[in-house]
Amino acid sequence: MKNFTQLQELLSTPKDILITSHRNPDGDAVGSSLALMHFLKANFHTVYVSFPSAFPDNFAWMEGTEDVLIYDVKVKKVNKIIDNVDLVFALDYNGLDRIDKLGDYIAKSNVPVAMIDHHLHPKDFSQFTLSDPSASSTCELVFDFIRKMDKKTPLDIKIGECLYTGILTDTGSFSYSVSPKLFKISAKLLEAGVDANKIQMLVFNSLPEKNLKLLGYCLNKRMELIPELKTGIITLTKKDYEDFDIQRGDTEGIVNYLLMLKEVHIAAFVTEQPKIVKLSLRSKGDFAVNEIVSAHFKGGGHKNAAGGASYSGLKSTVNKLKKILTENFAGTSFKSIEKKA
Ligand code: 5GP
Ligand code: MN
């Protein structure tokens, strides 16, 4: 970690701290933020947590969620906190532009920032930085950070539950980004008392009926396969959002179903939002979808999971994506992913 000793020094006396994570927080964002909050509180700091937008209901069971401040609805309160804190943690995002107006306010405030993140190409905005794109999740890195800060105290079970949740969701239930180190950390979380089966139930087996119906609709009515591009695309319109009463988080994970098809190496989930069209891309093997979104859709992410946005309509966005895939990635790139997969 860059400047770890200085950070340790800063945290050696009680401080006021704000922990932030990205818009549309996922299990890793919520889990890493709350785990770090519990750890810092146990070390006598005053800690606040804020996300730009709300998190899905299946993470509400985690201890501490009731105190999370959603910036979209608590702008003034959070701005006042930023004005007064000694340190801001930036978890699970690699640039202040990923948290919109909350990021603008933090940038203006000149408060020191400590980033812990596993996304590629971190921007230079933090004084203290733990960035490792080879890590499965930010929760894995928060585990390392906590252990580095305090080698002796046994891990609290509520910290363990939060960290396990982020690891479980960001690895797709231990299917990608796994490593011997990750399994060792996971074993330590279980030894600390985490009930893996309970968390599996709470996070994945607690969907409302409408979500399963939405998934069925996406696969049956909204899926387009393009064999020559080894691509599958699912699109949702504004009307679909109304018909299915889709809220933030309800579409999480749908894009991954496309990769279950042997012939699909690139998966796209393209949705019409109130002001923008959002793209979620996934891939198998060496095909770097973050390069597509960073070059063409103002986005970013990881090699095999990335997202971005478009300001043209749904149909023209899908056509643009198809054109990009056809022009730039046919030929060599596809041969290399065929060999790998
Ligand atoms: P998702 O497709 O689940 O929204 O996001 C997949 C990955 O891409 C996440 O790691 C997320 O951080 C990243 N990502 C999603 N949307 C954006 C975006 O608009 N900009 C950037 N830079 N990264 C994004
Ligand atoms: Mn993550």
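The values are calculated or read from the model by the stated rules, or taken from the named source; none is laboratory data. Predicted, not measured: the structure shown is a model, and the values here were computed from it. Note: ideal-geometry Cβ built from the backbone for every residue, glycine included; neighbour counts use all protein chains shown.
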If you check every pair at least six apart or on different chains, which have Cβ atoms under 6 Å apart with a residue in region 243-265 that is in a helix (DSSP H, G or I) first and a residue that is polar (S, T, N, Q) second? V255/S280
Return a yes/no flag: does region 161-174 have any residue that is loosely packed, with under 15 Cβ neighbours inside 10 Å and either modelled with pLDDT of 95 or more or under 28 Å from T271 (Cα atoms) (or both). yes
Can you say whether S175 is part of a helix (DSSP H, G or I), small (G, A, S) and farther than 26 Å from I276 by Cα, as far as the supplied structure shows? no
Count - residues of region 251-266 that are out of contact with any Phe, Trp or Tyr (no Cβ under 8 Å at 6 or more places or on another chain) and either more than 13 Å from ligand 1 (Cβ to nearest atom) or small (G, A, S) (or both): 7
Any chance region 152-159 includes a residue that's under 21 Å from the mean Cα position of the chain (by Cα), modelled with pLDDT of 95 or more and part of a helix (DSSP H, G or I)? yes
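Which residue is nearest to S131 (Cα to Cα), if the candidates are limited to region 1-30 and must be in a helix (DSSP H, G or I) and either of a type in the set (D, E, K, R) or out of contact with any Asp or Glu (no Cβ under 8 Å at 6 or more places or on another chain) (or both)?
F4
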Pick from Y164, Y217: which is touching a helix residue (DSSP H, G or I) at 6+ places or on another chain (Cβ under 9 Å) and within 16 Å of ligand 2 (Cβ to nearest atom)? Y164
Can you tell me which condition K151 does not meet? The list is (1) surrounded by fewer than 24 Cβ atoms within 10 Å (Cβ to Cβ); (2) within 13 Å of ligand 1 (Cβ to nearest atom), and all the others hold. (2)
Residue under question is L229, and the condition is that it be outside the structural domain of A54 (by TED's automatic domain parsing), more than 11 Å from ligand 1 (Cβ to nearest atom) and touching a residue at least 60 places away in the same chain (Cβ under 8 Å); does it hold? yes
Within region 37-94, which residues are surrounded by fewer than 17 Cβ atoms within 10 Å (Cβ to Cβ), free of Cβ contacts under 8 Å to residues at least 40 places away in the same chain and part of a loop (DSSP other than H, G, I, E, B)? F44, A60, D72, V73, K74
Taking T129 and the conditions (1) in a strand (DSSP E or B); (2) within 16 Å of ligand 1 (Cβ to nearest atom); (3) of a type outside the set (A, V, I, L, M), which numbered condition does it fall short on, given that it satisfies the others? (2)
